[in-house]
Amino acid sequence: MKKLKTTLLAITMLLIASVSISCKGGNKTESSKTLDNQMQKETEQMTNSDNQESKAEAILSDYFNLKDALVNDDNARAKDLGNTLAQSLKSFDASSYSESEKSDLKEIIEDATEHAEHIGESDIKHQREHFKTLSKDVTDMVAITGTDKKLYEQFCPMYDGGTVWLSMSEDIKNPYYGSKMLTCGKVQKEIN
């Protein structure tokens, strides 16, 4: 998807350049000026869309770092990463999505931010409780924003009646039990 957008951006830029050259500097007709304006707007929209994708990818990156801290039973690092994730979530702008997606993303982001903030101030047991809901929120966000990464939804049947999380690896590294039951779980599905 990102390659397609990059290709479209390159084509758009070439079209703008060719229209500018063919119009011999300042002798543009009204239709070529309109075409230039349309292409410029489309280029800006693609750039904004790429920017939103990068913010969604930053949220994913922060989520995976937090997951790894929980896998490693690192309460202090999880606190820091919970706060980092909360900031990434707060900076996400859903304006380039449809109205229904904006509404859904607003709810998801608000809930995820609250859980990330709680992780930023809690003991590891409580962090893991909030990570459960945070994982659902991030999974719901990815369903709307998409991702270029191959992700794995993993499932632990033992934690709180069964709980999922996302991973970039098929290898099970359980964030809910850490070193106590590191490999408890299975890949439930692939995303992307």
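Read the figures in this text as sums done on the coordinates, not as results from a lab. None of these values were measured; they are calculated from a predicted model. Here the Cβ is made from the backbone with ideal geometry for all residues, glycine too, and neighbour counts use every protein chain on show.
Overview of results
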| item | result |
| --- | --- |
| Extent along principal axes [Cα atoms of region 59-131; Å; largest to smallest] | 40, 19, 16 |
| Volume of the Cα convex hull of region 98-192, divided per residue and given in Å³ | 97 Å³ |
| Stretch gain in nm, segment ASP140-ASN192, where the contour uses 0.36 nm per residue and the Cα spacing is subtracted | 17.3 nm |
| Nearest-20 debye value, region 66-112 charge dipole, Cβ charges on Lys, Arg, Asp, Glu | 180 debye |
| Efficiency of FRET from Cβ geometry, ASP148 and ASP73, R₀ 30 Å, rounded to 0.05 | 0.45 |
| Pairwise label distance in nanometres, LYS180 with LYS90, each label 7 Å out on the Cα-Cβ vector | 3.2 nm |
| Total charge dipole magnitude, region 98-192, about the Cα centre, Cβ charges on Lys, Arg, Asp, Glu only, Debye to nearest 20 | 560 debye |
| Pairwise Lys count, region 51-107 - Cα closer than 18 Å, eight or more residues apart or different chains | 7 |
| Residue-by-residue Karplus 3J(HN,Hα) for region 86-97, coefficients 6.51, -1.76, 1.60, Hz, glycine and proline x | 4, 5, 4, 5, 5, 8, 6, 10, 8, 5, 8, 9 |
